[in-house]
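Step one of this worksheet: look at the structure below.
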Amino acid sequence: MSAIQIITRKRDGIELSEQEIKFLVEGYVSDEIPDYQIAAFLMATYFQGMSFDETYFLTKAMIDSGSAVDFSNLGAIPVDKHSTGGVGDKISLILAPLVASAGVPVPMMSGRGLGHSGGTLDKLEAIPGFRTRLSLSEFKTQIEKIGVAMIGQTQEIVPADQKIYALRDSSGTVASIPLVVASIMSKKIAEGVKALVLDVKTGKGAFFTSKEKSLALAKRLIAIGDKFDLETTALMTAMDQPLGYAVGNWLETKESIETLKGEGPEDVVELTLALGAEMLYQARIVEDVSTGLRKLKELLDSGAAYNKFLTLVQEQGGDISLVENPEKYPKSRFHHFILSQKNGFITSIDALKVGLLAMEIGAGRKKISDPIDYTAGIILRKKNGDQVNVGDPLLELHYSKAISKDSLQQQVDELVTIGEDYSEETPLILSYINKKGQQRWPHK
Ligand code: URA
């Protein structure tokens, strides 16, 4: 067996065996197969897709590249959520401590920014000192001690995803259903949860823009979960405009802190509560999602979720004085407002273009080795449906690079659309999906 034979078989649309997929994953993790060959394999997979069995073998090989965590000693059902990737999606930072404050263990393993979409690890690392690289034993001990831990893939747990994820980001192979499924599910199965809720995004800022493709992704994620005996359900949610107002690592962390203090944007609160209610339902601590929604609202309002976040940050080495006083965080060199040149209503804020602009001004990586400017990002001053007049601020840009204001103005002109009227109110939560199919949210 050789890597080149396997790559050409995939390129030609031939179904690969378990041994072939395992050979590639093991060879890559042990550095015997170089980046360029795996990049070619990823591109072949991007175009040819994978059967259900191949997706299962890839997920399994990625899990087997490291150790799997066992939380059967906890006496409670550990649950997690994962998003398929969006813009302004800071939900995990609020959700993990919120659900943990309800007594449900949340061992969460996340990723970094991918393409135009942000990553939970980068947002957490915007807090000085915050360690996302815990050892397996630190991860387990922290779950036993405080009921929540937020980490990245490590040398011990799914090292294959750590390498492949970064390579996909710089080889144009992110938006592939089998690659997304194997990446997400390998992490979630290895981290030892017993149930998982997925936030499957659809729309302009999602990796899959059509509802049909997003539904196909949700179904494949759920079927792979089922194959590994992991109870998996999903909410399909709109990602046409960014979630909340902030896009960019520290700006999003700050908005998460505000949300934990009860001052969050409506859409961020709605989605956090919905995903959290489903997690409580999966953990069997509420009889239905409506009870879960009420319980979580109380925990948010009482400050219990915020206190849990402080404990989490402290436990993972982060500087809690900046969580308590976010205004003391260092500022970017430039702070530039883009003003409206028209009267009317905001009819669209293109999430993909916002994500790309945030990346360009320093909030994301163009290649694996790029450093991130945690202070860089965008604050939307208006969202879909808001009325604007000439001269009103549309966006605030925070950055430290030298970038021409004209080029920024031109990019903003392309991402915000202002019309005479706004009538299209699309719901944020579009449907609920489990292994029986698609239903309305909230489900009974
Ligand atoms: N999140 C992941 O962990 N992997 C993907 O491929 C996309 C979103």
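The values are calculated or read from the model by the stated rules, or taken from the named source; none is laboratory data. Not measured: the values here are computed from a predicted model. Positions of Cβ are backbone-derived with ideal geometry, glycine not excepted, and every protein chain shown enters the neighbour counts. Side chains included, ligands, DNA and RNA excluded: accessible areas come from the protein's heavy atoms. Shrake-Rupley method; radii C 1.70, N 1.55, O 1.52, S 1.80 Å.
Below are the figures for this structure:
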| quantity | calculated |
| --- | --- |
| Under 5 Å, built H, 5+ apart or other chain: amide partners of A149 | V106, M108 |
| Environment charge of F47, counting only residues whose C-beta is closer than 13 Å and scoring Lys/Arg +1, Asp/Glu -1 | +1 |
| Accessible-area composition of the range 329-419, carbon plus sulfur, in percent [1.4 Å probe] | 53 percent |
| Residue-normalised accessible area of the chain, given per residue in Å² at a 1.4 Å probe | 40 Å² |
| Theoretical gain in end-to-end length, Q410 to Q19 [0.36 nm per residue, Cα-Cα removed] | 135.7 nm |
| The range 252-330: Lys pairs at Cα distance under 15 angstrom, eight or more positions apart or on different chains | 4 |
| Pairwise label distance in nanometres, S210 with K342, each label 7 Å out on the Cα-Cβ vector | 2.8 nm |
| GNM flexibility winner over the chain from F228, F207, F71 (Cα, springs under 10 Å) | F228 |
| Net charge of Cβ neighbours under 11 Å - reference D392; Lys, Arg +1; Asp, Glu -1 | +2 |
| Charge dipole of the range 1-113 about the Cα centre (unit charges at C-beta), most positive-ward option of S2, I21, M43 | M43 |
| Integer Hz, Karplus 6.51/-1.76/1.60 couplings in order for the range 269-285, x for Gly and Pro | 5, 4, 6, 4, 5, 5, 5, x, 4, 5, 5, 5, 5, 5, 7, 6, 9 |
| Under 23 Å from the Cα of K367 - lysines, other chains or at least 8 residues apart | K90, K123, K163, K187, K204, K353, K401 |
| Separation in nanometres of the label points that stand 7 Å from Cα toward Cβ, at L74 and T291 | 2.0 nm |
| Electrostatic dipole magnitude of the chain [Cβ: Lys, Arg +1; Asp, Glu -1; Cα centre; debye, to 20] | 200 debye |
| About the Cα centre, charge dipole magnitude for the range 229-325 (Lys/Arg +1, Asp/Glu -1 at Cβ), debye | 240 debye |
| Dipole in debye (nearest 20) - the range 3-49, about Cα centre, beta carbon charges: Lys, Arg +1; Asp, Glu -1 | 200 debye |
| Top of E125, E15, E255 by mean-square fluctuation, Gaussian network on the chain, Cα under 10 Å | E15 |
| Accessible surface of the range 3-49 [probe 1.4 Å, protein heavy atoms]: carbon and sulfur percent | 51 percent |
| Residue of E315, E414, E156 that the Gaussian network model of the chain assigns the largest fluctuation, springs spanning Cα pairs under 10 Å | E414 |
| Nearby aspartates and glutamates by direct alpha-carbon distance to K213 (threshold 17 angstrom, same-chain neighbours under 8 apart not counted) | D199, D240 |
